[in-house]
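Read through the structure below, which is laid out as structure tokens, and then see the notes.
Derivation of every value follows stated rules applied to the coordinates shown; laboratory data play no part. Since we're looking at a predicted model, the values are computed, not measured. So basically every Cβ, Gly included, is an ideal-geometry build from the backbone, and we count neighbours across all protein chains shown.
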Amino acid sequence: MALVCFNASLEKHAGCAHLTVAAQNYRALLEELTQRLPQLTQEVLTPLALVIDGEIVQEPFLADFSAEAELHFIEKIAAG
């Protein structure tokens, strides 16, 4: 199962530092997280960037990942 690691801000919402999920794509990940952790709404998660195994994903809705993946949600980097 994929491992989702929460940053300090998300950990407050989630109530845990990490969680394993069965999802293997972004849409399924959002659905599973919001079902298992109702305090983590899509409004909280979708503005964040998704990192899969250390690589920031530009188009998360097109992203698939393996069952062994490590996932992180991070603040998007804004260009100025």
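Numerical summary
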read-out	value
Rg followed by Dmax, in Å, when the chain is reduced to its Cα trace	11.6, 38
Rounded to 5, percent antiparallel among DSSP beta bridges of the chain	80
Per-residue ³J(HN,Hα) for segment 39-49, Karplus 6.51 cos²θ - 1.76 cosθ + 1.60, θ = phi - 60°, Hz, x for Gly and Pro	6, 9, 7, 4, 5, 7, 8, 5, x, 8, 7
Radius 14 Å from Cβ of His72, net charge of other residues (Lys, Arg +1; Asp, Glu -1)	-4
